[in-house]
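Novice: There's a structure below that I have some questions on.
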Amino acid sequence: MNTAIVGINWGDEGKGRMVDLLSEEYDMVVRYQGGNNAGHTVVNPKGKFILNLLPSGILRDEVMSVMGPGMVIDLKHLSNETARLREGGVSITPEKLKISDKAVICLPYNVQQDILEEERLKDKKFGSTRRGIGPVYGDKYMKKTIRMGDLLYTENLMQKVRELVEWKNLLLGSYGAKADAEEIYEWLLCYGGEFKDYICDTGALLLDMEKQGKKIMFEAQLGALRDIDYGIYPYTSSSNTLAAYAPIGSGAPSMKLDKVIGIVKAYSSCVGEGPFVCELFGDEAHFLREAGGEYGAATGRPRRVGGFDAVATAYGVKLQGATEIAITKIDVLSALDKIPVCVAYELDGKVINGFPYPSLLDKCKPVVEYFDGWKQDISGVKSFDELPENAKKYLRYLQSRLEAKITYVSVGAVRDQFFKIEDDSLYK
Ligand code: GDP
Ligand code: MG
């Protein structure tokens, strides 16, 4: 069984939370794209953890975790993240964690470049996490990077670093900055040395596991609307966040997915810049942000918030090819008297079909409808039948706008705060 857990919206839907819950039934969890710009929060009996680079499966001792070739890895961050988790009682060993030899290393000068460019852009900035992710993916496609495997075959490493730094300094120099080859080399040896025993061909491993009938889960970072090709470009991430990319970004391009579980938040949030049609402002936004604790896990930035966006979500479900949906954070809406929902987009005064080309989004206006709230704590609810009538109505509405069936509903951040829907209650 190969299952992908992916975000349907702009990210922060609760993917880490769902991977933590569902990975109980899996042998392996693979992160297939992105870097330490991810912030996956997990609350389980071991405590509360924020994962940036490590797959959320790392919190389960019996699960093998894999960091695939589609990822970009800041070694210093990885070193700190593993240390932090070990302090929290999580075991991380070369048997339990495998890192692809083809994953690209995010170097200190990539971070430097990211910060310099965001500062140069001032109010036109992209809202980058400033962790070097855009620059390092750019370098990857220019074939000017160091990969994890290069830490195993080091004869020419210093020479390679020198050449890269010479090239990068042509660019950094134009910002009045500079990188140093010796420093980069030392950084690689210092933080890379620690992970030498973890590096392998993850593709061979995955195919072998599949042959043995093991269950493999693929964990996405960010959501469909941040996919570099299909999202709200250029306000996207710099990698493919979609389920279709999971096998490629994991090392085994020929693998097929049996299931794609799309994670949909019961309302919307978006970190950083870019068009966000369903956005709420003022007191309404403030109230929802506080109720949902919508502050970035990776950066602490306040997230922009909005009502559920039926247009963007339908597009996300299609892009992901979701076979099932998990709704998260519906408990947060218990605080609202009236629940706003963006039911359609209007462009030049006309309701449009589908999600438009990104540059048109700035001109789109949300068509908003309000649903009655239920004003009742639902964080302990264990079945659809136990929900207040208005929460049932709200979920039935969400189902009517989704092409895949809602099978899980999360009503809290803690591992067991959820229920399943296995019958047709949502279609009544
Ligand atoms: P991810 O990036 O998709 O993994 O999501 P984040 O971890 O960045 O953001 C989701 C936040 O909501 C985290 O703080 C979770 O602990 C929390 N969370 C997840 N599911 C629920 C839920 O159903 N209800 C509530 N109240 N919080 C949730
Ligand atoms: Mg997040």
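The values are calculated or read from the model by the stated rules, or taken from the named source; none is laboratory data. All values reported here derive from a predicted model rather than from experimental measurement. Every residue, glycine as well, gets a Cβ built from its backbone with ideal geometry; the counts of neighbours run over all protein chains shown. Each accessible area value is taken on the protein alone, full model and side chains, heavy atoms only, with ligands, DNA and RNA left out. Shrake-Rupley method; radii C 1.70, N 1.55, O 1.52, S 1.80 Å.
Novice: Please arrange Asp416, Asp331 by accessible surface area, largest first, computed with a 1.4 Å probe and ligands excluded.
Specialist: These residues rank, largest area first, as Asp416, Asp331.
Novice: In region 248-354, which chymotrypsin sites (Phe, Trp or Tyr not before Pro) are in a loop and have at most 14 other Cβ atoms within 10 Å, using DSSP for the loop call?
Specialist: Here the sparse-neighbourhood loop sites are Phe281.
Novice: Right, here's the next one. Can you give me the Rg/Rh ratio for the chain, using Cα atoms for both radii and the Kirkwood formula for Rh? Provide the component values of the computation, followed by the final result.
Specialist: On the way: Rg = 21.6 Å, Rh = 22.2 Å.
Radius of gyration over Kirkwood radius for the chain works out to 0.98.
Novice: Give, in nm to one decimal, the length gained when the segment between Tyr295 and Asp123 is fully stretched (0.36 nm per residue of separation minus the Cα-Cα distance).
Specialist: 59.8 nm
Novice: Can you tell me the FRET efficiency between Tyr153 and Cys190 if r is taken as the Cβ-Cβ distance and R0 is 22 Å, rounded to the nearest 0.05?
Specialist: Efficiency for this residue pair is about 0.75.
Novice: Moving to a separate point now. Could you work out how much longer the chain between Leu347 and Asn390 gets when fully extended? Use 0.36 nm per residue separation minus the Cα distance between them, nm to one decimal.
Specialist: Working: separation 43, 0.36 × 43 = 15.48 nm, distance 3.08 nm.
That works out to 12.4 nm of additional length.
Novice: Can you tell me the orientation of helix 181-193 relative to the chain, as the angle in degrees between its alpha-carbon axis and the longest Cα principal axis, to the nearest 10?
Specialist: 70 degrees
Novice: Normalise the Cα radius of gyration of region 264-353 by 2.2 N^0.38 Å (N = residues in it) and let me know the number.
Specialist: Computed over Cα atoms of region 264-353, the ratio equals 1.12.
Novice: If the cut-off is a Cα-Cα distance under 23 Å, which lysines reach Lys160, setting aside same-chain residues fewer than 8 apart in sequence?
Specialist: Leaving aside lysines fewer than 8 places away in the same chain, those within reach of Lys160 are Lys76, Lys102, Lys140, Lys143, Lys144, Lys168, Lys178, Lys196.
Novice: Let me know the whole percent of all Cα-Cα pairs from region 269-413 that are separated by more than 20 Å. Present the calculation step by step, with values, prior to reporting the outcome.
Specialist: Values: 5336 of 10440 pairs.
Roughly 51 percent, rounded to a whole number.
Novice: Quick check: the angle from helix 157-172's long axis to the longest principal axis of the chain, C-alpha only, nearest 10 degrees?
Specialist: 60 degrees
Novice: Hey, in the chain, which Cys have no second cysteine's beta-carbon closer than 4.7 Å?
Specialist: Lacking a cysteine Cβ partner under 4.7 Å: Cys106, Cys190, Cys200, Cys270, Cys364.
Novice: What is the Cα coordinate range of region 104-194 on the first, second and third principal axes, sorted by size from largest, in whole angstrom?
Specialist: 44, 23, 22
Novice: Something else now. Can you give the FRET efficiency to the nearest 0.05 for Ser379 and Asp424, using r as the Cβ-Cβ distance and R₀ = 35 Å?
Specialist: 0.90
Novice: Putting +1 on Lys and Arg Cβ atoms and -1 on Asp and Glu Cβ atoms, find which of Tyr397, Gln417, Leu319 reaches farthest to the positive end of the dipole of region 265-427.
Specialist: Leu319
Novice: Continuing with this model, one more query. Once the whole set of protein chains is in place, how much accessible area is left on Lys393, using a 1.4 Å probe, in Å² to the nearest 10?
Specialist: Here the accessible area works out near 120 Å².
Novice: Please give the charge dipole size of the chain, origin at the Cα centre, charges +1 on K and R Cβ atoms and -1 on D and E Cβ atoms. Round to the nearest 20 debye.
Specialist: That gives the chain a dipole magnitude of about 360 debye.
Novice: Rounded to the nearest 0.05, what FRET efficiency do Ala335 and Arg86 give with R0 = 41 Å and r taken as the Cβ-Cβ distance? Could you check? Before the final figure, lay out the partial values.
Specialist: Numbers: r = 37 Å, r/R0 = 0.90.
For R0 = 41 Å, the calculated efficiency reads 0.65.
Novice: Moving on. Using only Cα atoms, tell me the angle between helix 202-211 and the longest principal axis of the chain; keep it within 0 to 90° and round to the nearest 10.
Specialist: 50 degrees
Novice: Name the aspartates and glutamates eligible as straight-distance cross-link partners of Lys15: C-alpha to C-alpha under 17 Å, and not fewer than 8 places from it in the same chain.
Specialist: Output for Lys15: Glu24, Glu25, Glu219, Asp227, Glu294, Glu324, Asp331, Asp416.
Novice: Normalised radius of gyration for region 24-89, please: alpha carbon Rg relative to 2.2 N^0.38 Å, two decimal places.
Specialist: In units of the 2.2 N^0.38 Å rule of thumb, it is 1.05.
Novice: Another question about this same structure. Taking the Cα atoms of region 1-62, report the difference between the largest and smallest coordinate on each principal axis, in whole Å and largest first.
Specialist: 29, 29, 17
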